[in-house]
1. Using 7 Å Cα-to-Cβ label points, what is the residue 51/residue 156 separation (nm, one decimal)?
2. Tell me the angle of helix 117-157 to the major Cα principal axis of the chain, expressed in degrees between 0 and 90 and rounded to the nearest ten.
3. Can you tell me the length gained on complete extension of the stretch residue 138 to residue 95, counting 0.36 nm per residue apart and subtracting the Cα distance?
4. Distance between Cα centroids, segment 133-158 to segment 16-73: provide it in whole Å.
5. If I model a spin label as a point 7 Å beyond the Cα along the Cα-Cβ vector, how far apart are those points for residue 129 and residue 21 in nm?
6. Taking neighbour counts of Cβ atoms within 10 Å as a proxy for exposure, in what order, fewest first, do 75, 32 appear?
7. Compute the helix-to-body angle for 102-115: its Cα long axis versus the longest principal axis of the chain, expressed 0 to 90° and rounded to tens.
8. Given points 7 Å out from each Cα along the Cα-Cβ axis, report the residue 114 to residue 10 separation in nanometres with one decimal.
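Bear in mind these aren't lab numbers, they're just calculated from the coordinates by the rules spelled out. Note that this is a predicted model, so its numbers are computed, not measured. Cβ placement follows ideal geometry from the backbone for every residue including glycine, while neighbour counts extend to all protein chains displayed.
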């Protein structure tokens, strides 16, 4: 019995095509802009963004099966997380989907890693560090602002 094997190159071509369908397959008439099924799913509140995130995670899974590093996997997951989080914001998230193209970015990460793993790891470690610093700073700011508001309210009560 013959077994059919799909070559790694054709699997990567399939991921390229999936990213195109999800991010850029529908041209907006009269413009140079395009959106994909990810953007259309995003129009359905909450469920649409979660569904597109689930579909997008297939690209991450394929990246892991192809042997990309943990650093690259984390960056890919951050791309999907950002796409879901901002995509869940009405109107802003729909506009965000026109520009961010998380699936395309994730497939490009796989391409970059397979072409030059050291450089790709270095660049992604740096961007993950910047992301974490930004999140920690934002949380610290919210904590500080909360304390400031509570202390001012306490002063009013005393």
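1. Distance between label points: 4.5 nm.
2. 20 degrees
3. Details: separation 43, 0.36 × 43 = 15.48 nm, distance 2.31 nm.
Here the answer is 13.2 nm.
4. Value for the Cα centre distance between the two parts: 37 Å.
5. About 3.9 nm, to one decimal.
6. Values: 75 25, 32 6.
Ascending number of Cβ neighbours within 10 Å: 32, 75.
7. 60 degrees
8. About 1.4 nm separates the two model spin labels.
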